[in-house]
Amino acid sequence: MEQDESQSQQQVVVITGCSSGGIGNALARAFGGEKCLVVATARSLSSMADLDHDNPNYHLEELDVLSDQSVNELVSSVMEKFGRIDILVNNAGVQCVAPLAEIPLSELQHTFDTNVFGTIRMVQAVVPHMASRKKGKIVNMGSVIALGAGPWAGAYSGSKAALHSLTDTLRLELRPFGIDVINVVPGAIKSNIGNAAIANYSRMPEWILYKPFEEAIRKRAYFSQSSKSTPSEEFANKVVAAVLKKNPPAWFSSGQFSTIMAIMYHLPIFIKDFLLKKAMKC
């Protein structure tokens with residue numbers, strides 16, 4: 001285990017999905033700003049090139065959350081270097097825009113594989129180490145879309161709703177082992193998710209039933225990326241402040257639309273449907 005005395009006093013934070021322009025990247029900077037040892041991960045090191053390689057608080061590692069081997073190698077590497085993982089932030093995820101009646105099942109499966117099973121794969125790899133110390137925090141990145149699922153992004157909202165449910169279960173199941181589980185629920189946060197969604201959308205087939213809705217479906221990809229969207233740095237700083245508390249909240253939501261979506265969750269279905277149909281033009 002390669003670790004000096006100063007590092008032994010710092011919290012070791014593993015974050016998935018830290019590519020430039022994303023929420024994970026902003027979280028890495030925010031945790032680093034709090035003097036944590038940040039293991040920032042992404043599928044390629046080049047996608048995190050904007051993180052300061054010379055900053056001793058940052059350690060960049062390649063990781064594919066879809067691969068058992070990649071996840072196990074990453075966790076083994078962190079344990080060898082630092083001897084522990086204090087905080088795991090499951091941020092890696094993909095957006096998917098398509099009507100459910102015509103979406104290729106392979107795209108639907110990929111969304112769940114990344115957003116749901118990728119998260120659980122990380123949890124299962126890290127929990128034994130946290131449980132052995134009776135200490136740790138797991139942060140799962142949900143979404144306000146799970147509070148009001150509308151048209152055109154059913155794959156994404158379904159995966160995030162599943163993750164919310166799994167996080168609720170994990171919070172109770174891991175409590176006996178001294179592990180806190182926090183569901184972070186972002187609103188509309190400035191990031192590269194819109195561009196990534198359009199890149200994924202380019203692989204979709206030509207719609208048959210939904211051809212008349214093509215423009216509305218494409219616009220859905222950028223719905224969270226308006227001039228009023230919350231800056232990722234602002235969101236990340238609030239998340240890190242909440243997570244680093246001695247007793248962190250079980251649920252933390254912030255960002256544009258976070259309040260209105262929380263209210264919408266409790267509205268009668270016919271009102272919710274009316275609002276979402278109007279917003280998404282269907």
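Taking Ser47, Ser165, Ser202 in turn, the Gaussian network model of the chain (Cα-Cα springs below 10 Å) assigns the largest fluctuation to Ser202.
Dividing the helix sum by the residues of the chain, where each DSSP H run of 4 or more adds -39500 (n - 2.57), gives a mean residue ellipticity at 222 nm of -13000 deg cm²/dmol. Remark on Ala98: its backbone amide H falls under 5 Å from those of Ala153, Gly154, Ala155, a criterion applied only to residues 5 or more positions apart or on other chains, H modelled at 1.01 Å from N. With a cut-off of 14 Å between beta carbons, the residues surrounding Ala242 carry a summed charge of +1, where Lys and Arg count +1 and Asp and Glu -1.
For a straight C-alpha distance cut-off of 18 angstrom, the aspartates and glutamates reachable from Lys277 (same-chain residues fewer than eight places away being disregarded) are Glu214, Glu215. When the chain is treated as a GNM with alpha-carbon contacts under 10 Å, the residue of Lys137, Lys245, Lys190 showing the greatest mean-square fluctuation is Lys245. Cβ under 13 Å from Ala197's Cβ, Ala197 left aside: what net charge do those residues give with Lys, Arg +1 and Asp, Glu -1? Charge balance near Ala197 sits at +3.
Between the Cα long axis of helix 68-82 and the first principal axis of the chain there is an angle of about 40°, rounded to the nearest 10. Once backbone amide H atoms are built at 1.01 Å from N, Cys18 has Thr41, Ala42 as its partners under 5 Å, excluding neighbours fewer than 5 places away on the same chain. Of the labelled figures [x] 19.3; [y] 23.5; [z] 20.7, only one reflects Kirkwood radius over Cα pairs in Å as derived from the coordinates, namely [x]. One Cα centroid belongs to segment 173-193, the other to segment 265-282; the line between them spans 26 Å.
Taking amide H atoms as placed 1.01 Å from N in the peptide plane, the amide H of Ile85 has no partner under 5 Å among residues 5 or more positions away or on other chains. If you take all other residues with their beta carbon under 13 Å from the beta carbon of Thr111, and give Lys and Arg +1 and Asp and Glu -1, the sum is 0. Enter the angle in degrees (range 0 to 90, nearest 10) between the Cα long axis of helix 118-133 and the first principal axis of the Cα atoms of the chain, meaning the one along which they spread out most. Approximately 30 degrees, to the nearest 10. I'd like the distance between the alpha-carbon centres of segment 198-229 and segment 233-261, rounded to an integer number of Å. About 28 Å separates the Cα centre of segment 198-229 from the one of segment 233-261. Work out which GluC sites (Glu not before Pro) in the chain are exposed loop sites (DSSP not H, G, I, E or B, at most 11 other Cβ within 10 Å) and give the longest gap free of them. Longest run free of exposed loop sites: 6-205. For the chain, what relative contact order do you get, as a whole percent, if you take Cα pairs closer than 8 Å and at least 6 residues apart? Contact order relative to length: 19 percent.
Helix 269-280 against the longest principal axis of the chain: what's the angle in degrees, Cα atoms only, rounded to the nearest 10? For helix 269-280, the angle is close to 90 degrees. Using the structure shown, select from Lys190/Lys272; Lys137/Lys190; Lys35/Lys81; Lys35/Lys246; Lys190/Lys245 the pairs with a Cα to Cα distance greater than 20 angstrom. Long pairs (Cα-Cα over 20 Å): Lys190/Lys272; Lys137/Lys190; Lys190/Lys245.
Here, each number is a calculation from the coordinates, and none is a lab measurement. This is a predicted model, so every value here is computed, not measured. All Cβ positions, glycine included, derive from the backbone under ideal geometry; neighbour counts span all protein chains shown.
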